[in-house]
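Below you'll find the structure, written out as structure tokens, and then a few comments.
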Amino acid sequence: MDLENQKRVKELSEKYGPENIVVVLGAAEGEAAGLAAETVTNGDPTFAGPLTGVQLGLKVYHVCEPEIKQEVSPDLYDEQVGMMEMVLDVDDIISEMTSIREQYCKY
Amino acid sequence: MNSVIKGTSYILAHAPDMVIHNGSTQTTERIVNPNSEYLVKLPSHIRSYEDALNYRPNQTYIGNMTPAELGEIPQPWYDKPMENGPRYGKFGEIMPEDEFYMMMQVCDVFDLVHLEKGFVADVKPRFTANPVISEDIAARIHDGIDISEIEHFVNEEHAEGLYYQDKLVGYVKRAHDVDVNLSAHVMHENLVSKASSVLALLYVVKNSGIDKSEVEYVIDCCEEACGDVNQRGGGNFAKAAAEIAGLTSATGSDMRGFCAGPAHAMVAAASLVKAGTYKNVIVTAGGCTAKLGMNGKDHVNKDMPVLEDMLGGFSVLISANDGVNPEVDTDIIGRHTVGTGSSPQAVIGGLVAAPLARAGMKIPDIDRYAAEMQNPDITKPAGAGDVPASNYKMIAALAVKQGDMEKAKLATFAKEHGMVGWAPTQGHIPSGVPYVGFLREQILNGEVNTAMIIGKGSLFLGRMTNLFDGISFVVRKNAGAAQAQEGGVSKAEIKGLIAEALRDFAASMME
């Protein structure tokens, strides 16, 4: 995850409390989504950014996961995400994200 | 009348030592984690020049393989090298690092670059043997200096060292004692960009056959900024490169838009020529040192060679309509506007579907699409996927969503309307434009009639806006050429008839 984004996630978590933050990802692949999810839960796995060794344990979802989809009006979702839903390997993304949440999510 | 694409050039420079010393992933790692395992392992993953020559995506970039031929080789490609890969191709060349340092030296007009004596003696004959290095450029080579002087500047005066095969062979010194905008690091980065742009300019002149004095304007579309503390992005890379390339009748300016820069510049150049403001405009860009080894950690972790060891450059000559070369159709321009939105669906809608709809066309009506042509060999191991394939999937999905195409054709869309990626991940370099050289040939030989070139840029990286950006344009067969073919007489046939008449005339004179 981009170093500046790590910094922003860290600052927002400190300001509002980690229990009140949900991170929504838009990565195009399961592996990339998993790495970003790991960064905001267990810390930066590349040991490069501000979240290195910081286990925030945030709630984190990909925009294509059902938990997010059901929060959004179907028309808006179709207009904004429908095309990508057709393109992405949603099952792979869900499985990566679920695995990371089960291991590291604290909330 | 629309302007035409009269010539193109594509060049690479192998930069393995710059991966280690100048790539931002490595320079950041040395600050944050100087004893990291990555920095220890990195040197054993650096490719030789021969490996870079034998790497098929590089050979595709300079025109020795077509994207279709590359696509037939199963991925990954790094473990399937070709044999005796040539240095020169029809679009340009792959310059070795030592000669590229000399290119930087000849492009320096402020006495900032110096090379070691023995190094100069060794490299100069090879550098000057290059067909594009004219006498005026060769005359700019300075005599080398003692290694002790180089060591002094690197160790005491904050100069950036130039290394070849891990040995110090020169330096780029700072251009100001205090101003960070003129630091050795920035001057090095900018001189690399300038030198690779100059090389691309020299090749586009050679490839198109244009007289240098006929080039009126140059637009640089790289992602660097040159200037000092009072005007940090003042410019002008375009004019600076044109000077060294000998384009004495040209002026120019820089156009920026992150990775979308080249597409913006192409539209601007095509419009300037169509308006009659200039007859010949060159769009050009050099390469970027910061992006060398950007995904090096993933490549090393996966026990691969570090594939981001190439600096890229390209130039495209846009000229007044000659009735033959492919036209840039400025009536079909896709724009990602401030109000478009940043979801991929909105982006593809604005860049692809909307301009075609305005022209009464559907997505499958365009023969070929070229968006972000990044080499998947580089991006897939880094978890960024196959970028061109993702773009084709998105365009195809949108075609299905808006009823332009049956869902059953989703899987074959990329094969029919796209190609594999081959360009180095140098930001602006892969962005649509690597295909323009092949496209020009494919249109001229009748293989393709229309193509859409799409540039996309991540503006948010500059922290001035959260907006995304993009622009697209359509290139099509020249209406004049199309008419000549429909009329049953092609231009070549007309030329043949004239030649025959002249021969008859000459024969009658001899009698």
Select from A:Asp44, A:Asp89, A:Asp75 the residue whose mean-square fluctuation is largest in a Gaussian network model of chain A (Cα-Cα springs shorter than 10 Å).
-> A:Asp75
May I ask which residue of B:Ile244, B:Phe314, B:Gln483 lies farthest towards the positive end of the charge dipole of chain B, with charges of +1 (Lys, Arg) and -1 (Asp, Glu) on Cβ and the Cα centre as origin?
-> B:Gln483
Just counting partner chain Cβ atoms within 10 Å, what average do the residues of peptide B:377-386 show around their Cβ?
-> 3
Nearest 10 degrees, 0 to 90: what angle lies between the long axis of helix A:30-39 and the longest principal axis of chain A (Cα atoms)?
-> 30
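In peptide B:337-343, what is the residue-averaged number of other protein chain Cβ atoms found within 10 Å of each Cβ?
Details: counts 0, 0, 0, 0, 2, 2, 8.
For peptide B:337-343, the averaged partner shielding equals 2.
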Binning at 10 Å from 0, report for chain A what percent of all alpha-carbon pair distances ends up in each bin.
-> 16, 46, 31, 7, 0
Within the set A:Gly43, A:Gly17, A:Gly30, GNM on chain A using Cα springs under 10 Å gives the largest fluctuation to A:Gly17
Give the shape of the protein assembly as shown as rounded, prolate or oblate, defined through the alpha-carbon gyration tensor: a ≥ b ≥ c are the square roots of its eigenvalues, a/c under 1.5 means rounded, and otherwise the shape is prolate if a/b is larger than b/c and oblate if not.
-> oblate
Mind pulling the angle between the C-alpha long axis of helix B:117-128 and the longest principal axis of chain B? Nearest 10 degrees, somewhere in 0 to 90.
-> 10
Once fully extended, how much extra length lies between B:Lys117 and B:Lys167, figured as 0.36 nm per residue of separation less the alpha-carbon to alpha-carbon distance?
-> 16.6 nm
Tell me, what is the percent relative contact order of chain B, built from C-alpha pairs under 8 Å that lie six or more residues apart?
-> 19
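Given +1 on the Cβ of Lys and Arg, -1 on the Cβ of Asp and Glu, and no further charges, what dipole in debye does the protein assembly as shown carry about its Cα centre, rounded to the nearest 20?
In debye, rounded to 20, the protein assembly as shown gives about 1120.
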Could you order peptides B:237-250, B:367-380 by the average number of other Cβ atoms within 10 Å of their residues, highest first?
-> B:367-380, B:237-250
Ordering B:27-35, B:128-136 by per-residue average of other C-beta atoms within 10 angstrom, highest first, gives B:128-136, B:27-35
Specify the angular offset, from 0 to 90 degrees and rounded to the nearest 10, of the alpha carbon long axis of helix B:261-274 from the longest principal axis of the alpha carbons in chain B.
-> 50
When the charge dipole of segment A:3-104 is computed with +1 on Lys and Arg Cβ and -1 on Asp and Glu Cβ about the Cα centre, the Cα farthest towards its positive end, among A:Pro50, A:Pro74, A:Thr98, belongs to A:Pro50
Cα-centred dipole magnitude for chain A, charges only on beta-carbon of K, R (+1) and D, E (-1), debye, nearest 20 = 640
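To the nearest 20 debye, what is the magnitude of the charge dipole of segment B:281-377 about its Cα centre, counting +1 on the Cβ of each Lys and Arg and -1 on the Cβ of each Asp and Glu?
Its charge dipole is roughly 340 debye.
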Evaluate peptide A:71-79: per residue, the Cβ atoms of other protein chains within 10 Å of its Cβ; return the mean as an integer.
-> 1
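To the nearest µm²/s, what D does Stokes-Einstein give for segment B:247-341 at 10 °C and 1.306 mPa s, using the Kirkwood radius over alpha carbon pairs as Rh?
Calculated translational D: 97 µm²/s.
Under Stokes-Einstein, with the Kirkwood radius over Cα pairs standing in for Rh, what whole-number D in µm²/s applies to chain B at 25 °C and 0.890 mPa s? Provide the component values of the computation, followed by the final result.
On the way: Rh = 23.7 Å.
Diffusion coefficient, whole number: 103 µm²/s.
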Which aspartates and glutamates have a Cα lying under 13 Å from the Cα of A:Lys69, excluding residues fewer than 8 positions away in the same chain?
-> A:Asp78, A:Glu79, A:Glu85
When the charge dipole of chain B is computed with +1 on Lys and Arg Cβ and -1 on Asp and Glu Cβ about the Cα centre, the Cα farthest towards its positive end, among B:Ser197, B:Val178, B:Ile219, belongs to B:Ile219
Kindly provide log₁₀ I(q)/I(0) values, in the same order as q = 0.09, 0.19 Å⁻¹, from the Debye equation applied to equal alpha-carbon scatterers of segment B:327-486.
-> -0.29, -1.29
So what's the gap between the Cα centers of segment B:365-411 and segment B:130-170, to the nearest angstrom?
-> 44
Whole-percent tail of the Cα-Cα distance distribution for segment B:69-148, cut at 18 Å, equals 53
Give the distance, in whole Å, between the Cα centre of segment B:232-291 and the Cα centre of segment B:67-107.
-> 24
Run the numbers on segment B:327-486 and let me know its relative contact order in percent, using alpha-carbon pairs under 8 Å that are six or more apart.
-> 32
Straight-line reach from B:Lys477: which lysines have Cα under 20 Å away, leaving out those fewer than 8 places along the same chain?
-> B:Lys6, B:Lys274, B:Lys279, B:Lys362, B:Lys491, B:Lys495
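FYI, it's all coordinate maths here, none of it is from the lab. Note that the structure is a prediction, hence the values are computed from the model and not measured. Don't worry about glycine lacking a Cβ; one is built from the backbone with ideal geometry, like all the others, and counts go over all protein chains shown.
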